Amino acid sequence: MPRSKKTTDFETSLNELETLVNQIEQGDLSLEDALGAFEQGVKLTRECQTILDQAEQKVQVLIEKNGELHSQPFNSGEDD
């Protein structure tokens with residue numbers, strides 16, 4: 001099954017966010033660069049959250065039964 005654009009966007013945004021976090025954590029950035037990286041990180045975090053919220057809404061619609069929404073916890077199949 002081909003990946004959707006949103007999945008690709010989510011993964012790309014998440015990878016960019018991880019890169020920014022690593023750069024900030026290393027402490028080698030100037031204050032101005034660190035602030036820019038932080039701003040970009042906030043933007044990427046919001047993008048990722050929006051995509052996750054939309055995915056959650058789709059899952060809720062898929063588990064709707066008889067006109068009633070039955071929320072169920074996500075089970076990845078892995079035991080804790």
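No lab work stands behind these numbers, since they all come straight from the coordinates. Keep in mind that this is a model prediction, so the values were computed, not measured. With ideal geometry, Cβ positions are generated from the backbone for all residues, glycine too; neighbour counts draw on all protein chains shown.
Annotation: extensible slack from residue 26 through residue 52 equals 6.5 nm (criterion: 0.36 nm per residue apart, minus Cα-Cα distance).
In a reduced charge model with +1 at each Lys and Arg Cβ and -1 at each Asp and Glu Cβ, the range 5-62 shows a dipole moment near 400 debye about its Cα centre. Look at 42, 61 and count the other Cβ atoms within 10 Å of each Cβ; fewest to most, that gives 61, 42.
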